[in-house]
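Enquirer: Before I ask anything, let me first share the structure, which is written out below as structure tokens.
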Amino acid sequence: MKQTVTTIIIDDEAQAISALKEELSLHFKSIKVVGTAQDIPTGIKMLKTLKPHIVFLDIQLKDGLGFDILNAVKDSLSYIIFTTAYSHYALKAIKYAALDYLLKPIDYLDIAQALEKYTTTIYKENQRREQLEALNTNLQQKNPSKLAIKTGVGFSVIDVYDIQYCQASGNYTYIFTVNGEKYIVSKTLKVLENNLAINTFLRVHQSYLVNIKLVKEYKNRENNLLLESGKEIPVSQRRKAKFREKLMKFIKSAY
């Protein structure tokens, strides 16, 4: 990164701001911190007046969410790198939106990776805005409902509950939606299983992860299930009991 990149740091902890400033000063000479803020009004003012290239933004501030700042400055073209202390749901929400984040205490190697993404990013502002909106939605819910999927030209944001099933293909996975859309992601089915486990998804086969809400029928003799779309999915013998248990729990909870 040869040319100077301006940045502001928004965090309600003075110690966290000082630590990040020190890391940037020591290891990233092309990054210039032009301002810091510890509350929402100051953050909004700085974004509007300084218009930095990058904003290091804490998710949770003492007087609200970092998103309150972004919502007030919707025309900002700054690249957002979120910072957060460990919070299962906040971290999950960020990952679902496929946005950059730094986990406190922040390490300079993590900063380097985030800045590398900044220099190589190719997706457009409107796509990044969709990701930010997805994160905003996810933060308001216990279970994230918006998932950003990387494509050849950027990202597509889909509703998690619109996913019918996921099918393994080596180190890649195909995602099929209720609208007939098909996406391929460079993640194993195991990774998606872990990510979607808090929602209504269940691994029913070595190659398949299904949305329980979209199961229309289970065929015991054939040991497969029928989705509302008409797609038949095999259920492996070793996963059969767990699938039937979860399906019955879902049916009972729906009535």
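Enquirer: Counting only residues that are touching a Leu at 6+ places or on another chain (Cβ under 7 Å) and within 17 Å of Lys216 (Cβ to Cβ), which one in the range 163-177 is surrounded by the most Cβ atoms within 10 Å (Cβ to Cβ)?
Expert: As a first pass, look at the range 163-177 and keep what is touching a Leu at 6+ places or on another chain (Cβ under 7 Å): 164-166, 168, 173.
Adding the requirement that they be within 17 Å of Lys216 (Cβ to Cβ) leaves 164-165.
On the way: Gln164: 21, Tyr165: 23.
Applying the filter and picking the extreme gives Tyr165.
Enquirer: Then there is this: Across the range 19-41, what is the total count of residues that are touching a strand residue (DSSP E or B) at 6+ places or on another chain (Cβ under 9 Å) and free of Cβ contacts under 8 Å to residues at least 24 places away in the same chain? Before the answer, list the steps.
Expert: Step one: filter the range 19-41 for residues touching a strand residue (DSSP E or B) at 6+ places or on another chain (Cβ under 9 Å), giving 20-21, 24-25, 28, 30-40.
Right, trim to free of Cβ contacts under 8 Å to residues at least 24 places away in the same chain and you get 21, 25.
So the answer is 2.
Enquirer: When only residues in the range 190-227 that are more than 26 Å from the chain's Cα centre (by Cα) and of a type in the set (D, E, K, R) count, which is surrounded by the fewest Cβ atoms within 10 Å (Cβ to Cβ)?
Expert: Once the filter is applied, the top-ranked residue is Arg221.
Enquirer: Also, I was wondering about something else. Tell me whether the range 182-201 contains one or more residues that are modelled with pLDDT of 85 or more and at positive phi.
Expert: no
Enquirer: Any residue at all in the range 183-206 that's of a type in the set (Gly, Ala, Ser), touching a residue at least 12 places away in the same chain (Cβ under 8 Å) and touching a helix residue (DSSP H, G or I) at 6+ places or on another chain (Cβ under 9 Å)? It would help to see each step written out before you state the result.
Expert: Within the range 183-206, the first condition is being of a type in the set (Gly, Ala, Ser), and the residues that meet it are 186, 197.
Checking which are touching a residue at least 12 places away in the same chain (Cβ under 8 Å) leaves us with 186.
Still in the running and touching a helix residue (DSSP H, G or I) at 6+ places or on another chain (Cβ under 9 Å): none.
Scanning the range 183-206 turns up no residue that is of a type in the set (Gly, Ala, Ser), touching a residue at least 12 places away in the same chain (Cβ under 8 Å) and touching a helix residue (DSSP H, G or I) at 6+ places or on another chain (Cβ under 9 Å).
Enquirer: Follow-up question, since we're still on this one. Could you please give the count of residues in the range 47-61 that are touching a helix residue (DSSP H, G or I) at 6+ places or on another chain (Cβ under 9 Å) and either outside any helix (DSSP H, G or I) or at pLDDT 95 or above (or both)?
Expert: Looking only at that region, the number is 10.
Enquirer: Scan the range 165-179 for residues that are free of Cβ contacts under 8 Å to residues at least 24 places away in the same chain and small (Gly, Ala, Ser) and jot them down.
Expert: The answer is Ser169, Gly170.
Enquirer: Run Leu115 past the list (1) in contact with a strand residue (DSSP E or B) (Cβ under 8 Å, 6 or more places away or on another chain); (2) at pLDDT below 80 and report the number of the one that doesn't hold.
Expert: (2)
Enquirer: A further question follows. If you scan the range 212-244, which residues turn out to be among the polar types (S, T, N, Q), free of Cβ contacts under 8 Å to residues at least 24 places away in the same chain and part of a loop (DSSP other than H, G, I, E, B)? I'd like the intermediate steps shown before the answer.
Expert: If we filter the range 212-244 for residues that are among the polar types (S, T, N, Q), which is where we start, we get 220, 223-224, 229, 236-237.
Narrowing the set further to residues that are free of Cβ contacts under 8 Å to residues at least 24 places away in the same chain leaves 220, 223-224, 237.
Matches in the range 212-244: Asn220, Asn223.
Enquirer: Further question: Identify all residues within the range 2-17 that are surrounded by 13 or more Cβ atoms within 10 Å (Cβ to Cβ) and more than 25 Å from the chain's Cα centre (by Cα); write none if there are none.
Expert: Hits for the range 2-17 are Val5, Thr6.
Enquirer: Taking the range 48-101 on its own, how many of its residues are among the acidic types (Asp, Glu) and closer than 18 Å to Glu116 by Cβ?
Expert: Total satisfying the criteria: 1.
The values are calculated or read from the model by the stated rules, or taken from the named source; none is laboratory data. The model shown is predicted, which means the values in this text are computed figures rather than measured ones. Quick reminder, even Gly has a Cβ in these numbers, built from the backbone with ideal geometry, and neighbours come from all protein chains shown.
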